[in-house]
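Worksheet for the structure shown next.
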């Protein structure tokens, strides 16, 4: 089972290239702060602008730095099934604990096409797969009934749900059962998702406050609902701030302001608008991070 506070890790850049030293340092930071799993090369990791060589290398560095102390869920999805197979095969060979497979984007496959895509990857690469449902980026929602079919496929063990629709998430939990990991993909609904049977979160804000996110999930699981609620509301303004613009622009900007990484983004992502930057800076100061 993949549970707890997992991080959708940023990819730090320096002078146009992956900052390999800083990337390894970020893994150590998460090990020390209670993060339960690391997802390199997801949306937050700017996977869409990484070359194949960079993509493979980022996963290799994270696995090496993790050194079995923390689970690595490699982002190896694609809108091309063959490309996803290639990337996932490399992750398996390198030693990843699981793969995060985003729903194919741009193609707009049918529900049957989605099912066949994920099933093909699961059958051809012997690695646990977490399906990533984020229709706001891909254009197609994976319906709960399709998720129920996928839950019966060997190696497909859970979903990162970023629909923001708690009713849909509850239906997935109902149809797929408690052995199928239901993971939040939206920081703002992590606590409500835990309440309906979710196992944890793959978090963006975890990049900057991993201990608080881990503590919120841990308190809920221990039955300390009041403690979990307090952390939820403490985190909420910061969560809102790191989504002022397209992810990962604000969170990487926040990390730069905090001295964690350089400010580099890859086009077409660009620097924050000044008004939003000031809102982000205020949220960080209010939280005590600046």
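Coordinate-derived values only; no laboratory data. What you are looking at is a predicted structure, and each value in this text was computed from that prediction instead of being measured. When we count neighbours, we look across all protein chains shown, and the Cβ atoms used for this are built from the backbone with ideal geometry, even at glycine.
Summary of computed values
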read-out: Förster-model FRET efficiency, 41 Å R0, residue 31 and residue 148, C-beta, rounded to 0.05; value: 0.70
read-out: Potential extension, residue 278-residue 24 segment - 0.36 nm per residue separation minus Cα distance; value: 88.5 nm
read-out: Potential extension, residue 112-residue 68 segment - 0.36 nm per residue separation minus Cα distance; value: 12.2 nm
read-out: Rg/Rg_ref, the stretch 215-286, where Rg_ref = 2.2 N^0.38 Å and atoms are Cα; value: 1.31
read-out: Separation of the residue 17 and residue 124 label points, Cα + 7 Å toward Cβ, nm; value: 3.2 nm
read-out: Space enclosed by the convex hull of the alpha-carbon atoms of the stretch 4-222, per residue, Å³; value: 108 Å³
read-out: Bridge type composition, the stretch 4-222 - antiparallel percent by DSSP, nearest 5; value: 5 percent
read-out: Globularity ratio of the stretch 80-136, using Cα Rg and 2.2 N^0.38 Å; value: 1.08
read-out: Footprinting exposure proxy for 92, 69 (fewest neighbouring C-beta atoms within 10 Å first); value: 69, 92
read-out: 28, 278 arranged by Cβ crowding within 10 Å, fewest neighbours leading; value: 278, 28
read-out: Per-residue Cβ neighbour rank within 10 angstrom, fewest leading, 151, 99, 184; value: 151, 184, 99
